[in-house]
Amino acid sequence: QLQLVESVVFLVHPGGSLILSCAASGTIFSINAMCWFRQAPWKQRELVALMPRLVSTNYADSVKGRFTISRDNAKSTVFLQMNSLKPEDTAVYYCNVHNGGTAYWGPGTQVTVSS
């Protein structure tokens, strides 16, 4: 089993920045892809950023140029740097980690962008 611990709740003004983190612990076989998803009220969960272990990253068009995903493999941690935040970025953000062929979800972090 893998446990994922995410950052606490955030409230940020439009144009602001913040960084989310998600640390994995427990039985770690081989962590491959590490991702961030988000789900806004009344909307489906969507992929925000994907970082495979070896190949290049991918981002949703809505966050390209503003968000950056990174990972610390030694600490089994994935980060999401979010800049130039907009009200439409308001959502619950979930990390998703692929460990030994099984995908695990974090508990979610509420991010609210509001003035």
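The values are calculated or read from the model by the stated rules, or taken from the named source; none is laboratory data. Keep in mind the model is a prediction, meaning the values are calculated, not measured. Virtual Cβ from ideal backbone geometry, glycine too; neighbours counted across all protein chains shown. Protein only, heavy atoms only, side chains kept; ligands, DNA and RNA dropped before computing areas. Shrake-Rupley method; radii C 1.70, N 1.55, O 1.52, S 1.80 Å.
Among the cysteines of the chain, those whose beta-carbon sits 4.7 Å or more from every other cysteine beta-carbon are 35. Segment residue 56..residue 114, full-extension length gain: 17.7 nm, with 0.36 nm per residue of separation and the alpha-carbon distance subtracted.
For the chain, modelled as a GNM whose springs connect Cα atoms under 10 angstrom apart, the maximal fluctuation among 12, 78, 48 occurs at 12. Here residue 64 is the anchor, and the lysines within straight C-alpha reach of less than 24 Å, apart from those fewer than 8 places off in the same chain, are 43, 86. Extension gain for residue 9 to residue 42 (0.36 nm times residue separation, less C-alpha to C-alpha distance): 9.9 nm. In the full protein context, the chain carries 54 Å² of accessible surface per residue, based on a 1.4 Å probe and ignoring ligands, DNA and RNA. Looking at the chain alone, DSSP beta bridges between its own residues are antiparallel in about 95 percent of cases. Mean separation of Cα pairs under 8 Å and 6 or more residues apart, divided by the residue count, gives the chain a relative contact order of 38 percent.
For the chain, the carbon plus sulfur part of the accessible surface works out to 55%, probe radius 1.4 Å. Length gained on full extension, residue 29 to residue 102: 25.3 nm, using 0.36 nm per residue less the C-alpha separation. When the chain is treated as a GNM with alpha-carbon contacts under 10 Å, the residue of 33, 103, 24 showing the greatest mean-square fluctuation is 103. Between 15, 101, 26, the Gaussian network model of the chain with springs among Cα atoms under 10 angstrom shows the greatest mean-square fluctuation at 26.
Annotation: amide H-H contacts under 5 Å for residue 85 (H modelled 1.01 Å from N, sequence separation of 5 or more, or interchain): 15, 16.
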